[in-house]
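Down below is the structure, laid out as structure tokens.
The values are calculated or read from the model by the stated rules, or taken from the named source; none is laboratory data. Model, not experiment: these values are computed from the prediction. Virtual Cβ from ideal backbone geometry, glycine too; neighbours counted across all protein chains shown.
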Amino acid sequence: MLKNKFISKAVSTVASVAMVFTSIPSINVMDKAVAADTMTAFEITENMKVGWNLGNTLDAKASNKQGDLESAGLETETSWGCPKATQELFDALKAKGFNTVRVPTTWFQHLDADNNIDPEWMARVKEVVDYGINNDMYIILNVHHENWVNRSDFANAYNEIQPKLMKIWTQIATEFKDYDQHLIFECMNEPRAVGTEHEWWAASAVPECDVINDLEHDFVDLIRGMDGPYAKTRLLMLPGYCASAETQFLEAIDVPDDDFVAISVHAYSPYDFTMNAAVEDHSVFTGTKYSQQLSDILSGIRQTFIEKDIPVVIGEMGTSNFGNTQARVDWTTQYFTTTKKYGIPCCLWDNNTVENPKDPGECHGYINRSTYEWYEGSAPVIDKMMEIMNDDSIVWGSEGKAPTYTHQALSDGTVFRDEAIEIDASKSKTYENTTPGQEISWSELEGKEVAIKFTGTTPVLAFSDAEYGNWTEIKPYAIDEENGIAYYLVSQQLPAAWSDLSTVNHMQARTDKVTTIEKMVILNAPEVEIDVPVDKTKKYKIDFANAPKDEGSLVLYFEGEPNTDTNGAVGFNGDGWEEEKWSGKTNSLGKLTIEIDRTKFPADLASAECQIWYQPELVDMVSYEFSTQQPGTVTTPEETTTTETTTITTVTTVTTTADSSVASSTTESGNLSVTIKGDANVDGKFSIADAVAILQHIANRDKYELKPQGLVNADVDGEAGVTANDALFIQKVDAGAASLS
């Protein structure tokens, strides 16, 4: 796995996981040639169940200060700090419930001048594969971290890549020709144009996508044309551009006409939650934004392939350990529940890293490979995965096909746009990647759905306020492919993602590639309920009208289950959406008091909102008041105190009621003072160059690192860290279509 691979655009950035316990045929390990009954591709993916990656091991590379060595020996296996793989490791995985191991393998350092594989390296790879075969596990073997594949000139490198790739796979397939369907071949790993501005962007990678399709068709033809009892029935995994789970990448895959291929997807989704270290707070997953992004990614995978009877394997997924165990468990719950229902097996990435202060987004360690014990901080994540897989009430593949809906005819609806227009993602700088913004109000959308008739890439539907702020996108919940119509159940999808529906002001369609929008029509919504993530955040209004202006503290009183950890924030509209975060733990009486310095809020602030993020089902805010005393003078009643209460001088005391109808808005503010809002490159001025700096940073954080102050300045939309949405907003301001004020 490479760092920072998925970009959190205005759309989500990707993910999936799941499988069911079913019996699998036994294998004669001594012979390897004894065939199990032939399984279909979907039977194989169902039997794969839960997968795990032997990361940073056989895929590790030997290098020096000048870069990767051209050749090396067996020592590469431990060159990245992981111990050698053992049978005991595979036994521990099997005992925990894993039924698949992906074995990422790098080959280029083990080739001679004629691309012949070192026999000692092939023997070691075979030994590791056999660790899993010995346990009746499924093994995925691939070509990984090959610098001759992933290169900046990828679009023009077919003639150089193809002969070498085919020769390597000829040798691998020959060595393993008698292994039955438990052995799976994956053509490449995240093929892409490394070091280019579009390394992780499909919109500008059309030539690269064509090369990938050609190479993978050659790969399938090669394997099917070889000798061996399983040459025609071995499952072959094929990734799209950079193996991304984003729909626009998936739609570029030309799937071969073959009954035993599966699409290979990597989905560390949503990236801001799972890996983005620039996002300060990863303590909550259940907020609407992250949950909706994950839902969109997984439903996009289903719509693109599963519904067309093409199996998918999520070969890499996971969430870095930011010390946020409960949030990771919440993420795992949605991820595995959904992918099990869709019938998509997933392989957890494990690089054996528990702490990494220099790059906390790369902490994907789950099992200690020396003791074979599960790391304490990640064990609950593994347990949740297995709990879901053992839950018979969640049926494998039960929702692989989306339900069918009856829609009102377009001719009976209200036409919103009736002029055909081509929109192109490559023209985003001139805003030609969207239809022109047209005014709309929630009163026109309530109880409605929107239908878009289109050709080309499936569009997303975007909403914004009067200043084109709070840009929010939703994906279709149903697509009529025969007639080219996408349906968006706005009446249910938009309230889950928009905090104040009265401020909805614009609606327009956007593309991730090239789309012709023929018509947009508002229809009566069908009487159905779709799976829209629920925002569990509790919210309480706080009136600042009579609060002290420049002294004292805001005191929040909470009650709930005793000894309960919780956290949240008090948010307000200042220079954009701002937050003062808080955290604490109820005592044995179930009480918690939080004090926040009054000077943390603007003197003229009229109102704010207290939000409970973590374990809101166990805690309520019962009242708040403004104290003239400084923070630290008010205490929560002690466990031994049952009759006395703390007396404080207050301006006002208010009993609160939770408002669950208002969606939370989050931002990641630091302890730095903002010099100029939007000044991402910290050059002392606001310009279009700041948008470029943000996009470069997102695409390649190592190469285009923003300064700490720049990270603060760049988050102009106040939506969970630096994303492509910030760059889009800066472009709009630069063009006069939006304002920073």
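Applying a threshold of 7 Å to beta carbon distances and a minimum spacing of six or more residues, or different chains, the list of pairs starting in region 536-563 at a residue that is free of Cβ contacts under 8 Å to residues at least 40 places away in the same chain and ending at one that is among the hydroxyl-bearing types (Ser, Thr, Tyr) reads PRO562/THR586; PRO562/SER588; ASN563/THR586; ASN563/SER588. Cβ separations smaller than 7 Å between residues 6+ apart or across chains give the following pairs from region 209-237 residues that are in the same structural domain as ASN150 (by TED's automatic domain parsing) to residues that are part of a helix (DSSP H, G or I) and basic (Lys, Arg): ALA231/ARG224; LYS232/ARG224. For region 209-236, give me the residue count where each residue is crowded, with 24+ Cβ neighbours inside 10 Å, within 24 Å of THR458 (Cβ to Cβ) and of a type in the set (A, V, I, L, M, F, W, C). Number satisfying all stated conditions: 1. All told, GLY377 falls short of being over 24 Å from ASN321 (Cβ atoms) and either touching a strand residue (DSSP E or B) at 6+ places or on another chain (Cβ under 8 Å) or part of a loop (DSSP other than H, G, I, E, B) (or both). Taking region 469-485 as the range and being among the aliphatic types (A, V, I, L, M) and surrounded by fewer than 22 Cβ atoms within 10 Å (Cβ to Cβ) as the test, the residues that pass are ALA478, ILE479, ILE485.
Only one entry of VAL313, VAL261 meets the criterion of being in contact (Cβ under 8 Å) with a residue 12 or more places away in the chain and surrounded by 24 or more Cβ atoms within 10 Å (Cβ to Cβ), and that entry is VAL313.
Condition check ((1) closer than 22 Å to ALA402 by Cβ; (2) in the same structural domain as ALA205 (by TED's automatic domain parsing); (3) touching a helix residue (DSSP H, G or I) at 6+ places or on another chain (Cβ under 8 Å)) across all residues:
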{"site": "GLN438", "(1), (2), (3)": "no, no, no"}
{"site": "TRP442", "(1), (2), (3)": "no, no, yes"}
{"site": "LYS453", "(1), (2), (3)": "yes, no, yes"}
{"site": "VAL460", "(1), (2), (3)": "yes, no, no"}
{"site": "THR511", "(1), (2), (3)": "yes, no, yes"}
{"site": "THR516", "(1), (2), (3)": "no, no, no"}
{"site": "ASP531", "(1), (2), (3)": "yes, no, yes"}
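The set of residues from region 165-189 being aromatic (Phe, Trp, Tyr), in contact with a strand residue (DSSP E or B) (Cβ under 7 Å, 6 or more places away or on another chain) and either farther than 18 Å from THR100 by Cβ or part of a loop (DSSP other than H, G, I, E, B) (or both) comprises just one member, PHE176. Of GLY365, GLY343, all but one fail to be surrounded by 18 or more Cβ atoms within 10 Å (Cβ to Cβ), among the small types (Gly, Ala, Ser) and closer than 14 Å to TRP52 by Cα; the exception is GLY365. Suppose we keep only residues that are assigned to a strand (DSSP E or B) and acidic (Asp, Glu) within region 390-428. Which one would you say is surrounded by the most Cβ atoms within 10 Å (Cβ to Cβ)? The qualifying residue surrounded by the most Cβ atoms within 10 Å (Cβ to Cβ) is ASP424.
Can you work out which of the residues in region 429-438 that are farther than 14 Å from VAL521 by Cα, in contact (Cβ under 8 Å) with a residue 60 or more places away in the chain and surrounded by fewer than 16 Cβ atoms within 10 Å (Cβ to Cβ) is nearest to the chain's Cα centre (by Cα)? Ranking the candidates gives LYS429 first.
The set of residues in region 506-527 being touching a strand residue (DSSP E or B) at 6+ places or on another chain (Cβ under 9 Å), at pLDDT 90 or above and in a loop (DSSP other than H, G, I, E, B) consists of THR511, ALA525, PRO526. Looking at region 544-571 only, could you name the residues that are at negative phi and not in a strand (DSSP E or B)? PHE544, ALA545, ASN546, ALA547, PRO548, LYS549, ASP550, GLU551, GLU561, PRO562, THR564, listed by residue number. If you go through region 305-338 and pick out every residue that is in a helix (DSSP H, G or I), within 28 Å of TYR614 (Cβ to Cβ) and not hydrophobic (A, V, I, L, M, F, W, C), you end up with 10. Being assigned by TED's automatic domain parsing to the domain that holds SER370, within 30 Å of the chain's Cα centre (by Cα) and without any contact (Cβ under 8 Å) to a residue 12 or more places away in the chain narrows it down to one of ALA95, ALA60, ALA123, ALA85, so name that one. Going through ALA95, ALA60, ALA123, ALA85 in turn, the sole match is ALA95. Restricting to region 569-594, count the residues that are modelled with pLDDT of 85 or more and either farther than 13 Å from ALA608 by Cα or basic (Lys, Arg) (or both). Residues meeting the conditions: 14.
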